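K.L.:
After the structure tokens below, expect a handful of questions from me.
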């Protein structure tokens, strides 16, 4: 998923799929993905949860826009 400034990270497994409909209103590619949090490193060790992304991707510019929804739980320190 990404790294914190100190290198700690949240690890996910994802399943991507074409959106329905396949194009966004502006003609960009519509894609989605479902992510399952499978753990983490450092302060994110033991992380769990899941989230989905629903986004539009401009294949010319590489710009994306969309939404992320779900829950990630990490242990408190």
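Every read-out reported here was derived from the displayed coordinates using simple, explicitly stated rules and does not represent laboratory data. Fair warning: this is a prediction, and the values are worked out from it, not measured in the lab. All Cβ positions, glycine included, derive from the backbone under ideal geometry; neighbour counts span all protein chains shown.
K.L.:
Name the single residue that is surrounded by the fewest Cβ atoms within 10 Å (Cβ to Cβ) among those in region 34-64 being more than 15 Å from residue 10 (Cβ to Cβ) and in contact (Cβ under 8 Å) with a residue 12 or more places away in the chain.
P.N.:
Taking the candidates together, the pick is 59.
K.L.:
State all residues of region 12-28 that are closer than 28 Å to residue 75 by Cα and surrounded by 15 or more Cβ atoms within 10 Å (Cβ to Cβ); if no residue qualifies, say none.
P.N.:
Once the filter is applied, which keeps residues that are closer than 28 Å to residue 75 by Cα and surrounded by 15 or more Cβ atoms within 10 Å (Cβ to Cβ), region 12-28 yields only 12.
K.L.:
Check 31, 74 and return the single one that is surrounded by 15 or more Cβ atoms within 10 Å (Cβ to Cβ) and touching a helix residue (DSSP H, G or I) at 6+ places or on another chain (Cβ under 6 Å).
P.N.:
Selected residue: 74, the only one of 31, 74 that is surrounded by 15 or more Cβ atoms within 10 Å (Cβ to Cβ) and touching a helix residue (DSSP H, G or I) at 6+ places or on another chain (Cβ under 6 Å).
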